[in-house]
Structures are given as C-alpha cells and as structure tokens.
Amino acid sequence: DVQKACVLLDFMLERGILPTMATYAIICKVMAFHGKVTLVKQMLQLMRNYNLEVNVYFYGALIVACSNSCPPNIPVAECTFWEAVQKGISALRLQRVLTRAVGGDR
C-alpha cells in the first residue's frame, strides 16, 4: 500500500535512519505498481539528495509507473528512457518496460 510505504519512509527519515537501496527499491516498486508517477519521481530525487545512484531498476520503476498511471504518461516514460540512456544505461535494459508504456509501434 502506497500510504504505508510513505509512512515508513517518513518514520525512518525523521529518526535519522537512512534507507538502503533495497528500501528505496521496495517503496518505488509499490508506487510504480499503483501508477504513482509523481511519487516515484520524488523518490528518485530524494535518492539523489542522499547521493545514492539512480540505476536501471529505478528508471525502470518510473517507466512502469508511467505505464500504470491512468491515462499512461507516455511523455514522462520517454523522457525517463532517454535520461537513463544519457546516464550510460543500455537502452536494451529498459526496452521492454518502455514498450509496455508507449506501445510497440513507437
């Protein structure tokens, strides 16, 4: 549940407990499943604020969130894909989730 994930994260941060990459991954996965594009973007920014690397998993989670949002957020999915490629992530590693978000014809 997205709300519980956010409460957990806030609980940790308020007590000075820095979440691990695994914690961020689990929270992003929950948010992505529910199509919470803005929340996943905020999580990625929070990670950057703590000097944590946003890797292929997190870019993929944001693209999945775009795919699961209603309506699908194609512009953000495409921008996220190109941002990841510019950061050195192989396009092939994100191709499947991007195709799901924008359709196979693009």
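Every residue, every condition in (1) of a type in the set (A, V, I, L, M); (2) in contact with a Pro (Cβ under 7 Å, 6 or more places away or on another chain); (3) open to solvent by 20 Å² or more (accessible area, probe 1.4 Å), yes or no:
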site: Ala61; (1), (2), (3): yes, no, no
site: Val64; (1), (2), (3): yes, no, yes
site: Asn68; (1), (2), (3): no, no, yes
site: Ile74; (1), (2), (3): yes, no, yes
site: Cys79; (1), (2), (3): no, no, yes
site: Trp82; (1), (2), (3): no, no, yes
site: Ile89; (1), (2), (3): yes, no, yes
site: Leu94; (1), (2), (3): yes, no, no
site: Val102; (1), (2), (3): yes, no, yes
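List the pairs whose first member sits in the stretch 51-72 and is in contact (Cβ under 8 Å) with a residue 60 or more places away in the chain, whose second member is part of a helix (DSSP H, G or I), and whose Cβ atoms are under 7 Å apart, counting only residues at least 6 apart or on separate chains?
Within 7 Å, no pair qualifies.
Counting only residues that are modelled with pLDDT of 95 or more and touching an Asp or Glu at 6+ places or on another chain (Cβ under 6 Å), give me the helices (runs of 4 or more DSSP H) lying completely in the chain with at least 2 of them. Can you show your working first?
On the way: elements: 2-14, 21-33, 37-49, 56-68, 74-86, 91-102.
It comes to none.
Go through (1) over 10 Å from the mean Cα position of the chain (by Cα); (2) under 20 Å from Gln95 (Cβ atoms); (3) not aliphatic (A, V, I, L, M) for Asn51 and report which single condition fails.
Among (1) over 10 Å from the mean Cα position of the chain (by Cα); (2) under 20 Å from Gln95 (Cβ atoms); (3) not aliphatic (A, V, I, L, M), the lone unmet condition for Asn51 is (2).
Take the residues of the stretch 17-44 that are closer than 21 Å to Cys79 by Cβ and of a type in the set (Gly, Ala, Ser): which is surrounded by the most Cβ atoms within 10 Å (Cβ to Cβ)?
Out of the qualifying residues, it is Ala32.
The values are calculated or read from the model by the stated rules, or taken from the named source; none is laboratory data. Not measured: the values here are computed from a predicted model. Neighbour counts run over all protein chains shown; Cβ positions are idealised from the backbone, glycine included. Note: areas computed on protein heavy atoms with side chains; ligands, DNA, RNA excluded. Shrake-Rupley method; radii C 1.70, N 1.55, O 1.52, S 1.80 Å.
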